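A.B. asks: Below are the structure tokens for one structure; questions will follow.
The values are calculated or read from the model by the stated rules, or taken from the named source; none is laboratory data. This is a predicted model, so every value here is computed, not measured. All Cβ positions, glycine included, derive from the backbone under ideal geometry; neighbour counts span all protein chains shown.
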Amino acid sequence: MPFRIKVSLAIILLLVVSVVVVPLVVPISPPPDTVPLPAAVARAARPNGRLVRAEGVDLYTLDTPYAGAGEAPLTFVLLHGYASNAFSFDAVTAGLAQLGTVMAFDRPGFGLAGRPLPADFAPGTNPYSQDAQVAQTVALLERLPPGRVVVVGVNSGGVLALELASRHPELVSGLVLVGTPAYLLGQGRGAPGWLLATPQMRRIGPALMRQVAGPPGTQMYEGAWFDPTAITPAQRAARAVGTTVDGWDEALWQVSRVGAPASLVGRVAEVTTPTLVLAGAAPGSVPLAESERLAAELPHATLVQLQECGDLPQEECPQQFVDVTTAWLRSGALPAR
């Protein structure tokens, strides 16, 4: 056999070993500086925070009572976006509490929510799937006192809010959708499922997710701001709380393996719930065209483009967020009881 063919075969063999064998044998340590979920919840020390069991998953909720007189006219349910958590709404909670009771919660795999592993899944279910998250949200809504519910969704939380309103319109009186990629997320541009299911990826996938705690995750967060220099150390710390929980990388890998949610293309017009669509102005935010299309296809929507604010107005421009939401509600957008 010619020498150059032997060299070529050796190179090919080395590449195969690198791709197939190395991921299965390379040592992978657990992420550093993490604690069990109960300890992380205790460390957060939020008097209004607690773990609530919903559809077999522990969800961390933050409940804020109505600050006005008499019975609360509304209840706000706040859904955070990818790699975020309920603390993202800290700066707007007091303002919303002037209008009604407020409940924010961490979705599975994020913040201080539970992180079930595949061995814990009930047969035929995946707690990280869109279907499961709709069911979990419904379970939390059913614990609330009767009344009108306004669901606020940020980014992928907005997609979940739309799906919830589509399937359970009787539970949702209003929607506030912030930087919601209703069409972009449904395009399924991620890695193919067969690749994510290989033994190699199952082993190294969680380690890859640790990038969320590093510069790539920081860049993603800053890209959603109009002025990233305004981010405070406290806000960065609050966003990172999910990376302090044991197994956070494995859970984030499970979130990634679920893939894109079911497409909303062709179904948006079915959502008749009154909706406020908020569009950011950050260069790296969800494109304005995405919000314009969403507002145009929703039968009862109002589009507001935020001024000098990105796609996280609850953090960057909390007063503007509260003012715009309050004005929309007081305009009579919601039907009377």
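A.B. asks: Which is farther than 19 Å from L37 by Cβ, touching a Gly at 6+ places or on another chain (Cβ under 9 Å) and of a type in the set (G, A, S), of A122, A94?
C.D. replies: After ruling out the rest, the residue left standing is A122.
A.B. asks: Go through the range 86-126 and count every residue that is of a type in the set (S, T, N, Q) and either in contact with a His (Cβ under 7 Å, 6 or more places away or on another chain) or surrounded by 24 or more Cβ atoms within 10 Å (Cβ to Cβ) (or both).
C.D. replies: Going through the range 86-126 one residue at a time, the tally reaches 1.
A.B. asks: Related question: How many residues are on the phi < 0 side of the Ramachandran plot and either in contact with a Lys or Arg (Cβ under 6 Å, 6 or more places away or on another chain) or surrounded by fewer than 23 Cβ atoms within 10 Å (Cβ to Cβ) (or both) if we restrict to the range 45-60?
C.D. replies: 9
A.B. asks: Return the total of residues in the range 215-265 being part of a helix (DSSP H, G or I), of a type in the set (D, E) and over 22 Å from F89 (Cα atoms).
C.D. replies: 2
A.B. asks: Quick one: S166 ticks every box in (1) part of a helix (DSSP H, G or I); (2) buried (at least 23 other Cβ atoms within 10 Å of the Cβ); (3) not hydrophobic (A, V, I, L, M, F, W, C) bar one, so which box is it?
C.D. replies: Going through (1) part of a helix (DSSP H, G or I); (2) buried (at least 23 other Cβ atoms within 10 Å of the Cβ); (3) not hydrophobic (A, V, I, L, M, F, W, C) one by one, S166 breaks only (2).
A.B. asks: Return the pairs, sorted by first residue and then second, in which the second residue is in a strand (DSSP E or B), the first residue lies in the range 262-280 and is polar (S, T, N, Q), the beta carbons are less than 6 Å apart, and the residues are 6+ apart or on different chains.
C.D. replies: Listed by first residue and then by second, the contacts come to T273/L175; T275/L175; T275/A301.
One line per residue, one yes/no per condition, for (1) under 21 Å from V159 (Cα atoms); (2) more than 10 Å from the chain's Cα centre (by Cα):
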{"residue": "Y66", "(1), (2)": "no, yes"}
{"residue": "E71", "(1), (2)": "no, yes"}
{"residue": "F76", "(1), (2)": "yes, yes"}
{"residue": "S84", "(1), (2)": "yes, no"}
{"residue": "V92", "(1), (2)": "yes, yes"}
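A.B. asks: Kindly establish whether L14 is modelled with pLDDT under 95, farther than 22 Å from L312 by Cα and not polar (S, T, N, Q).
C.D. replies: Criteria met by L14.
A.B. asks: Suppose we filter T243, T302, T326, T275 for residues that are crowded, with 19+ Cβ neighbours inside 10 Å, in contact with a Leu (Cβ under 7 Å, 6 or more places away or on another chain) and hydroxyl-bearing (S, T, Y); which single one remains?
C.D. replies: Of T243, T302, T326, T275, the one residue that is crowded, with 19+ Cβ neighbours inside 10 Å, in contact with a Leu (Cβ under 7 Å, 6 or more places away or on another chain) and hydroxyl-bearing (S, T, Y) is T275.
A.B. asks: Looking at E297, E308, which one is of a type in the set (D, E, K, R), surrounded by fewer than 19 Cβ atoms within 10 Å (Cβ to Cβ) and in contact with a Phe, Trp or Tyr (Cβ under 6 Å, 6 or more places away or on another chain)?
C.D. replies: E308
A.B. asks: Another question, then. On the basis of being closer than 18 Å to V265 by Cβ, touching a helix residue (DSSP H, G or I) at 6+ places or on another chain (Cβ under 7 Å) and at pLDDT below 95, does L195 make the cut?
C.D. replies: Considered against the rule, which asks whether it is closer than 18 Å to V265 by Cβ, touching a helix residue (DSSP H, G or I) at 6+ places or on another chain (Cβ under 7 Å) and at pLDDT below 95, L195 comes out as no.
A.B. asks: Within the range 131-158, restricting attention to residues that are among the aliphatic types (A, V, I, L, M) and out of contact with any strand residue (DSSP E or B) (no Cβ under 7 Å at 6 or more places or on another chain), which residue is nearest to G332 (Cα to Cα)?
C.D. replies: Ranking the qualifying residues of the range 131-158, first place goes to V138.
A.B. asks: Could you count how many residues in the range 61-85 are of a type in the set (G, A, S) and surrounded by 18 or more Cβ atoms within 10 Å (Cβ to Cβ)?
C.D. replies: Residues flagged as of a type in the set (G, A, S) and surrounded by 18 or more Cβ atoms within 10 Å (Cβ to Cβ) within the range 61-85 amount to 4.
A.B. asks: Pull out all pairs, ordered by first then second residue, where Cβ-Cβ is under 9 Å, the residues are six or more apart or on different chains, the first lies in the range 43-54 and is closer than 12 Å to R143 by Cβ, and the second is polar (S, T, N, Q) and in a helix (DSSP H, G or I).
C.D. replies: Cβ pairs passing all conditions: A54/Q136; A54/T137.
A.B. asks: Scan the range 37-84 for residues that are among the polar types (S, T, N, Q), touching a Pro at 6+ places or on another chain (Cβ under 9 Å) and closer than 21 Å to A165 by Cβ and report the count.
C.D. replies: 1
A.B. asks: Could you tell me whether any residue of the range 297-311 is in a helix (DSSP H, G or I), more than 19 Å from the chain's Cα centre (by Cα) and not β-branched (V, I, T)?
C.D. replies: Yes: one or more hits.
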